[in-house]
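No value in this document is a laboratory result; all are computed from the given coordinates. Keep in mind that what you see is a predicted model, and the values were worked out from it rather than measured. Every residue, glycine among them, receives a Cβ derived from its backbone with ideal geometry; neighbour counts consider all protein chains shown.
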Amino acid sequence: MTQYITNPVLHGFNPDPSILRVGKDYYLATSTFQWFPGVSIYHSTNLINWENVCRPLDSTKLLNLQGVPDSGGVWAPDLSYHDGKFWIVYSNVKSLRAAFKDTPNFLTTAPSIEGPWSDPFFLNANGFDASMFHDQDGKHYLVNMVWDYRNYKHSFFGIQLREYSPEEKKLVGPAHLLWKGTKDGLVEGPHLYHIGDYYYLFCAEGGTHWAHEEVVARSKSLLGPYEMQPDGPLLSDLNAARNPLQKSGHASLIDTPDHKEWYIAHLTARPQHHPTDSVIDPRGWCSLGRETAIQKIEWDDQHWPHVVNGMQGSVKVAAPQSGTPAKPIATNSERVDFVHGETSQNFQTLRTPLATFAKIENGQGLIMQGRCAPSSLFDVSLLARRWQSYHFVSTTKLAFNPHTFQQLAGMINYYDSKDYTGIYVSYDEDQEKRILEIINCDAENYSFPLGSAGRVVLPDDTDVYLRTIQDDVEYHYAYSLDGTTWQNLGPNFDSLKLSDDYIFDHYGPHAYFTGSFTGMFAADLTGSKLPATFKLFDYQEQ
């Protein structure tokens with residue numbers, strides 16, 4: 001009986017997948033950018049059911065994200081296995097605006113997917129989307145796109161290969177330019193494979209927006225020359241505006257344990273169509289960010305790969321016949337009771353480890369010290385999880401007693417430091433009371449839609465429940481004092497403003513590579529680090 005993969009296999013912000021098979025186990029590594037810990041790794045035995053097993057870059061020794069720009073940090077990690085150990089190559093991008101992009105690339109290895117991971121080895125900083133290629137002769141090579149800082153040249157210079165020495169823990173020998181890409185330009189995301197008589201170079205092109213695509217070139221020699229697949233891109237949605245999967249590209253390749261079937265994992269996005277699509281873009285906007293999908297590959301008689309059912313990709317894909325029986329797809333909904341010491345693998349923080357600003361105390365909850373405001377690139381106290389559906393309700397319960405308007409804590413829906421909204425508890429010095437406030441940061445334009453008259457005065461020393469209701473293309477906030485009777489508060493917000501597409505269409509230059517998160521934050525601008533205690537976080541898809 002045929003089993004089927006339903007795409008996307010990873011819901012919510014999970015771009016740039018690097019897929020790996022070790023024996024009968026499949027692994028996927030995805031980008032995390034400014035979110036800590038770095039690199040999300042998922043495991044499956046059938047390509048259908050996936051479980052987040054670890055985020056390996058979980059210490060500042062492996063990953064220091066302090067001050068990295070929005071959509072900087074960890075770009076396009078590459079996961080491979082050789083010599084009895086797992087290898088991760090990753091960038092920690094420090095600058096996006098300068099002619100010289102600051103893109104240091106590192107390598108870490110471990111005997112198990114759970115670690116322990118070695119101290120990182122610096123590789124180079126001349127480009128991004130680096131991957132490791134282990135050739136059949138036992139040699140190892142780093143493959144990456146090269147960034148050209150000269151403004152009279154195209155900034156995407158091409159794909160480079162250079163040998164890596166495990167003994168010396170560095171790149172050795174000359175660099176070789178393998179391929180300049182096609183006329184579609186912006187060649188990046190390289191993955192190199194030796195299959196049969198050919199070296200196959202899989203690359204993304206066209207940028208990360210609607211024109212994103214995957215192309216393949218090959219050569220009988222490692223150093224080329226490489227020829228482009230004659231019938232065009234392997235994967236593209238550009239001419240399929242109403243396809244449910246969009247932005248498809250940045251793919252990596254695996255075969256099944258019996259070597260009879262082939263698959264690619266690729267990034268994709270699911271647009272939500274907006275009432276103003278006719279004005280904006282008929283494809284809509286993608287608040288869930290770029291996700292991960294899997295397509296089946298077949299090879300023609302000339303040994304070129306093709307996506308089964310066409311280059312636009314499919315939502316329903318035949319799974320490997322050799323895979324384990326599928327389980328029902330688990331819901332993304334979950335309730336985390338901090339009072340009972342619970343946490344979740346779905347949570348991440350901004351740039352700094354959770355332990356630097358918070359702890360979970362059994363019997364009390366998640367105690368979060370107030371630090372910088374959510375607009376900062378340093379020391380933000382924020383714990384959140386991905387939006388994974390266009391229909392969900394998220395809820396938290398908060399104990400917080402501020403003494404000044406400069407102390408605030410509550411619920412946040414966050415794209416980046418320039419685009420977020422939040423409902424929070426603070427203090428009004430005129431009334432000498434705690435109040436409930438809403439902030440809207442829209443492309444760095446700040447507003448407080450409740451105004452001075454619309455803020456809610458709260459009773460002293462009582463917990464407050466805060467809630468986000470996300471429904472289709474809008475979301476709004478609500479609050480409760482008992483967890484049962486709810487009162488909507490404030491305006492409806494356009495959920496699609498928390499998307500790559502809003503950033504792309506409305507202001508720049510600015511990177512736009514992540515997705516929407518819902519979670520909790522605390523800020524104390526007085527420097528006294530007033531704690532806020534969150535007792536639960538509940539995320540329920542509708």
* Picking from 68, 86, 50, whose Cα lies most toward the positive end of the charge dipole for region 1-109 (charges on Cβ: Lys, Arg +1; Asp, Glu -1)? -> 68
* Environment charge at residue 352 (Cβ cut-off 11 Å; Lys +1, Arg +1, Asp -1, Glu -1) -> +1
* How many nm is it between the label spots at residue 405 and residue 540, if each spot is 7 Å from the Cα in line with the beta carbon? -> 3.6 nm
* To do: Could you calculate the FRET efficiency of residue 149 with residue 301 from 1/(1 + (r/R0)^6), where r is the beta carbon distance between them and R0 is 60 Å, rounded to 0.05?
  => 0.85
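Within region 138-181, report the chymotrypsin sites (Phe, Trp or Tyr not before Pro) that DSSP leaves as loop and that have at most 11 other Cβ atoms within 10 Å.
On the way: sites: 141, 147, 149, 152, 156, 157, 164, 179; in loops: 149, 152.
Answer by residue number: 152.
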* Structure fact -> By the C-alpha gyration tensor axes a ≥ b ≥ c (rounded if a/c is under 1.5, else prolate when a/b exceeds b/c, else oblate), the shape of region 71-222 is oblate
* Asked: So who's got an amide H within less than 5 Å of the one on residue 292, skipping anything under 5 residues away but keeping other chains? H placed 1.01 Å off N, in plane.
  -> 9, 10, 14, 268
* **Proximal charge balance of residue 42 [Cβ under 14 Å; K/R count +1, D/E count -1]** => -2
* Asked: Dipole size in debye (nearest 20) for region 437-542 around its Cα centre, Lys and Arg Cβ +1, Asp and Glu Cβ -1?
  -> 320 debye
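Using +1 on the beta carbon of Lys and Arg, -1 on that of Asp and Glu, and nothing else charged, what's the dipole of the chain about the Cα centre, debye to 20?
Values: 42 positive and 63 negative charges, 131 e Å.
The calculated dipole for the chain is roughly 640 debye.
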* Asked: Between region 479-542 and region 326-398, what is the C-alpha centre distance in whole Å?
  -> 12 Å
* **For region 371-455, size of Cβ-based charge dipole, Lys and Arg +1, Asp and Glu -1, in debye** => 420 debye
* **Net charge contributed by nearby residues that have their C-beta within less than 13 Å of residue 128 (K/R +1, D/E -1)** => -4
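If contacts are Cα pairs under 8 angstrom and at least 6 residues apart, what is the relative contact order of the chain in percent? Write out the running numbers ahead of the final one.
Values: 1531 pairs, mean separation 78.1, N = 542.
Answer for the chain is 14 percent.
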* Asked: Along the charge dipole of the chain, Cβ charges K/R +1 and D/E -1, which of 160, 376, 439 sits furthest on the positive end?
  -> 160
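Going highest first, how would you order 321-333, 296-308 by mean Cβ packing within 10 Å?
On the way: 321-333: 12.8, 296-308: 14.6.
Top to bottom by mean Cβ count within 10 Å: 296-308, 321-333.
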* Asked: Under the classification rounded if a/c is under 1.5, otherwise prolate if a/b is larger than b/c and oblate if not, where does region 347-406 fall, given a ≥ b ≥ c as square roots of the Cα gyration tensor eigenvalues?
  -> rounded
* Once amide H atoms are built 1.01 Å from N in the peptide plane, which residues 5 or more positions from residue 128, or in another chain, come under 5 Å H to H? -> 145, 147
* Provide the packing ranking of 226-233, 133-140, i.e. peptides ordered by the mean count of other C-beta atoms within 10 Å per residue, highest first. => 226-233, 133-140
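So if we plug the beta-carbon distance of residue 136 and residue 375 into 1/(1 + (r/R0)^6) with R0 = 51 Å, what FRET efficiency do we get, rounded to 0.05? Could you put the intermediate results ahead of the total?
Details: r = 51 Å, r/R0 = 0.99.
After rounding, the FRET efficiency stands at 0.50.
With each run of n ≥ 4 DSSP H residues scored as -39500 (n - 2.57), what mean residue ellipticity at 222 nm is computed for the chain after dividing by its residue count and rounding to the nearest 500 deg cm²/dmol? Please list the in-between numbers first.
Details: 2 runs with 11 residues, N = 542.
Using -39500 (n - 2.57) per qualifying helix, the result is -500 deg cm²/dmol.
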* Structure fact -> If R0 = 25 Å, then residue 453 and residue 484, at their Cβ-Cβ distance, give a FRET efficiency to the nearest 0.05 of 0.40
* Give the long-range amide H neighbours of residue 4: residues separated by 5 or more places, or on another chain, with amide H under 5 Å away, using H modelled in the peptide plane at 1.01 Å from N. => 319
* **Tensor-based shape of the chain (alpha-carbon gyration tensor, a/c under 1.5 rounded, otherwise prolate or oblate)** => prolate
* Structure fact -> Along principal axes, largest first, the alpha-carbon spread of region 307-369 in whole Å comes out as 52, 27, 19
